[in-house]
Structure formats: C-alpha cells, structure tokens
Amino acid sequence: MTQLSGLDRLMRKTMKKAIPLSAHIMVTDRCNERCTHCYLPGQSKKKILALANYQKIFTQLRQAGTLLLTLSGGEPLLHPEFFAIAAQARKDAFAIRIYTNGLLINEQNTRKIRDLHPIEVCLSLYAAHASAHDSITQVPGSFQKTTSAAQTLAQAGVPVKLKTPVMHGNFKDLPQIRSLAQQIGAELQESPYLYPPGSNCANASQLCLSKENLLDFFSTKPDSHGKFRLQRDRTMDVNQHPCGAANNYVAIGCDGNVFPCPMFEQPVGNLLEESFLTIWNQAPLLQELRSLSWGDIDACLDCKLYSYCQRCVASVFASTGGLTAADQQACKIAEACAQSAGKNV
Amino acid sequence: MKIEGTWILAPNEACAHQQIDDETVVVQADRGTASVLNTIGGQIFSLCDGKASVDEIVDQLDLEYDLEKSEIRQQVEQFAQDLMKQGLIRRLS
C-alpha cells in the first residue's frame, strides 16, 4: 500500500491512458449571483438533467474510471434534486467536491453536506467587506451569507476552501481576506488568473491585475501562491500534455452536454444521445486535445517562463479558435511571478 | 485486534474508491488522504462490501489463488487489520 507517491503516479497514468479520473458536473446553469467576472453565460432556460439521468451517467463514469466528481453550477444548490444527486454520487463511491456561493446554506443543509463527506466545499469570496464583495456578486447581503456559510460548514467539520479570484477591484483587500479565511478556519486559494470570458463577461482584461499589482501580489505573501511557486524548477517535457482537459478531466453541463473542461464553451457531445465512453473516445476535439503536447506549442517552446506558467488551453481556444497559441494572460502572470522570485526574464 | 471469520466489513462511510487498471485508489475525505492499493489489496478491499463475511472473502480468494487456505486467511486478516487501522474499512457486524 502506498500513499501520495502512488497517487502522483496514478495521476500520470490517467493522463497517459486518457482515463477521466475527475469530472466537473454543472448540475444547473442557474445562479443566484451575477458576478461581474463570471465565465459562464448569463441566465439560460436550458432543461436540466434529473436524478434519474445522473444515475445512468454516474454508472457510465464509474465504468470509465472516474473517481472525483465536482458538483458545480451555476449555483448547484438551486437544482431541486441536488442532495439526492450528491447522495447518489456518494452511494456510487465517488469522492465529491462542491462549488457553491453559500447563499442557500443553512444549518439543515450544513448537516446534509457534512453527512455526504465531501473532500471539500469551495466558496467564492471576493472581498473582506460586504460592499466590495456584494458589488462583484451584484447581490446585496451575499457577503454576509457566504462568510456565514463558510463558518457554519467549518464548525461542522467540513473542509472548506475559499476561492478568491484576485482582480483589480479586490486586490487591496487581500490581507483582510487572508485574515478572514484564517478566522473562519478555511483554506484560501488566491488566483490572479481569470478564466476565459463567456458572453456574460466582456471586460475580463479590465478586471485583471496590472503588471505592477501582479508583482505586488507575488511578493506580498510568496508561500501562499503555491500553485505558481511550486513548479518553479520544473523543466519542459515536450511529450507531456499541457492540460488535463480531455486527458484525465472532463466536464458535463446541466443539459447533458459534454465539454473538455468547464471553461470550454464548445460541447463535444450529449449524454442524452450517446454514451459517455462513445463521446470520450470519439469526439474530434477531445482527440485533438489528447494528441496535443508541449512540443506542439511553438510559442512556448524554450520559454524561460515555463516553470511559472499556468497556460489555459480553453482560454487560448476562446481567444484564437486554436489550441497552440500562447496564453497572453498566463504569460503576463508568469512574468510577474518569475520577476518577484528574482529571476531575470 | 483479532479479525474474526464471521465479521462483515465495509468501506468507511467517508471513503471513495475507484479501480484504475490493476490498482485501487481509496480517498478518505475525513482525513484528506488517498491510498493506492495493489491488485490483491484492491481485491480484498472490494470484497469488503458490507455483505460478505471474512470467511467468505477467504473462500473467494481460495478459488483464485494457488496458495494454502491458511496462508490466504492470514494475509486477509492482516490486510483487513491494516485497512481498519487506516480507517479505510469498518466492521458492520
């Protein structure tokens, strides 16, 4: 029996053999917030899958090798059968993670979530003050509800992670956000990378941090930026896949559409029409992504920033229609990260 | 702790698991850890399904492996002890 070293090896194996270890399930695209930076399109009237659909889908995902289901939205708790779907996932022996804004989390729902044994519940926190947070979500009172939900869940013993996309509007709040997360007993994940804009967000470039702010961000609390820092010394393997999407990661929309990852807007099939494995094995875009390696990305070959890079293929696809261009946002962030680490780039 | 042949074992409530090729990965949500079991370990884990007794698990493996039954029993009991210590399985009855 091995512990985490075995898990690292398993991650590499699932990437190499295209086993969808992790699936992101967007159970609804309805949301009770209207976040200014959100990559999802605005309200739609898509028909949502019911528990009976998920029972079949989960069986197919088990057979395909999926272990982790991230239950997301929109706001997943707006799905009328959310807890039944989550319970089915656990009954089928999946590990689950829940992405929520916390607005619908009360004591009763906290008990239900605790009894599901999620590996973590992730809540988006945009600021340390109500006025700033609520101005981003565009829902008055959302700060109070989100922080209260995080606290209630943490007190119930549920692992809580606060996720903060670091933007122009909340950058100065970061020290207070860090203190608040500590008070709540939650892990904090900060990222200056904003995922590609959907039709709901046409101003991502205005929301992103300036180069000066990025340098500040990486120099204020270096240890907290592990996602960027930990890979500082990695060297490029030109045969390696640049992204887990279509390799060991997949996303499923509320109407059964399958996507390479939640940030891709182009569906590659629908689970009401075809089996998961048919789509996973045969969809041209998934095959194209699977055949992509770092060696195919001319713009990134020999790049000194590779060690700091969090290139997002969905972002590249959204902005260029192809898969092999450089990711300008990732370049900008990597440059600041490298400079703050004292690298001459 | 001696594992009895009549015991019925099941995965811990907080565990999730999946077989990947010939290995089984078990995630413990309450501890934030993951373990990877080899072929035989994964097989024993999957037989701890809340239905079969330890005796029945031994009988099942006896059909598949060319070993003395007493040796199989010893290995099953030892491994079940390890799994229980690590919180991956629990005794149902």
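The values are calculated or read from the model by the stated rules, or taken from the named source; none is laboratory data. Note that the structure is a prediction, hence the values are computed from the model and not measured. FYI the Cβ positions are ideal-geometry reconstructions off the backbone, even for glycines, and counts take in every protein chain you see. To get the accessible areas, we keep the full protein, side chains included, count just its heavy atoms, and leave off ligands, DNA and RNA. Shrake-Rupley method; radii C 1.70, N 1.55, O 1.52, S 1.80 Å.
Within the stretch A:88-101, the set of residues being within 12 Å of another protein chain (Cβ to nearest Cβ) and either farther than 23 Å from A:THR164 by Cα or touching a residue at least 60 places away in the same chain (Cβ under 8 Å) (or both) comprises A:ALA89, A:ARG90, A:LYS91, A:ASP92, A:ALA93, A:PHE94, A:ALA95. Is the stretch A:138-153 home to any residue that is within 14 Å of chain B (Cβ to nearest Cβ) and either of a type in the set (Phe, Trp, Tyr) or in contact (Cβ under 8 Å) with a residue 24 or more places away in the chain (or both)? Among the residues of the stretch A:138-153, at least one is within 14 Å of chain B (Cβ to nearest Cβ) and either of a type in the set (Phe, Trp, Tyr) or in contact (Cβ under 8 Å) with a residue 24 or more places away in the chain (or both), which makes the answer yes.
So which of A:LYS16, A:LYS46 ends up being under 26 Å from A:ASN247 (Cβ atoms), more than 9 Å from chain B (Cβ to nearest Cβ) and more than 18 Å from the chain's Cα centre (by Cα)? Testing whether each residue is under 26 Å from A:ASN247 (Cβ atoms), more than 9 Å from chain B (Cβ to nearest Cβ) and more than 18 Å from the chain's Cα centre (by Cα) leaves just A:LYS16.
Condition check ((1) part of a loop (DSSP other than H, G, I, E, B); (2) touching a Gly at 6+ places or on another chain (Cβ under 8 Å); (3) within 22 Å of A:ASP216 (Cβ to Cβ)) across all residues:
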| site | (1), (2), (3) |
| --- | --- |
| A:ARG311 | yes, no, no |
| A:VAL316 | no, yes, no |
| A:CYS331 | no, no, yes |
| A:ASN344 | yes, no, yes |
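If you go through the stretch B:68-93 and pick out every residue that is more than 14 Å from chain A (Cβ to nearest Cβ) and surrounded by 16 or more Cβ atoms within 10 Å (Cβ to Cβ), you end up with 4. The single condition from (1) more than 20 Å from A:LYS91 (Cα to Cα); (2) out of contact with any Phe, Trp or Tyr (no Cβ under 6 Å at 6 or more places or on another chain); (3) facing chain A (nearest Cβ under 10 Å) that B:LEU37 fails is (2). Note on the stretch A:187-283: enclosed strands (runs of 3 or more DSSP E) holding 2 or more residues that are at pLDDT below 95 and surrounded by 16 or more Cβ atoms within 10 Å (Cβ to Cβ) are A:187-191.
Tell me, which residue of the stretch B:23-34 that is without any contact (Cβ under 8 Å) to a residue 12 or more places away in the chain and touching a strand residue (DSSP E or B) at 6+ places or on another chain (Cβ under 8 Å) is farthest from the other protein chains (Cβ to nearest Cβ)? Selected residue: B:THR33. Counting only helices (runs of 4 or more DSSP H) wholly contained in the stretch B:6-93, the ones carrying 3 or more residues that are within 30 Å of A:ALA154 (Cβ to Cβ) occupy B:69-85. A residue that is aromatic (Phe, Trp, Tyr), over 15 Å from A:LEU7 (Cα atoms) and open to solvent by less than 10 Å² (accessible area, probe 1.4 Å) occurs somewhere in the stretch B:38-52. Among the residues of the stretch A:316-327, those identified as at pLDDT 90 or above and in contact with a helix residue (DSSP H, G or I) (Cβ under 8 Å, 6 or more places away or on another chain) are A:GLY322, A:LEU323, A:THR324, A:ALA325, A:ALA326, A:ASP327. From B:ILE57, B:ILE44, B:ILE20, grab the single residue that is more than 14 Å from chain A (Cβ to nearest Cβ) and β-branched (Val, Ile, Thr). The unique qualifying residue is B:ILE57. Could you please find all residues in the stretch A:318-329 being assigned to a helix (DSSP H, G or I) and either open to solvent by less than 60 Å² (accessible area, probe 1.4 Å) or touching a Pro at 6+ places or on another chain (Cβ under 8 Å) (or both)? Within the stretch A:318-329, A:ALA318, A:SER319, A:GLN329 meet the criteria. Of the residues screened, A:CYS309 is one that is under 18 Å from the mean Cα position of the chain (by Cα) and at pLDDT below 90. As a summary of the residue check, A:LEU10 satisfies the conditions (1) surrounded by 21 or more Cβ atoms within 10 Å (Cβ to Cβ); (2) modelled with pLDDT of 95 or more; (3) within 11 Å of chain B (Cβ to nearest Cβ) except for the one numbered (2).
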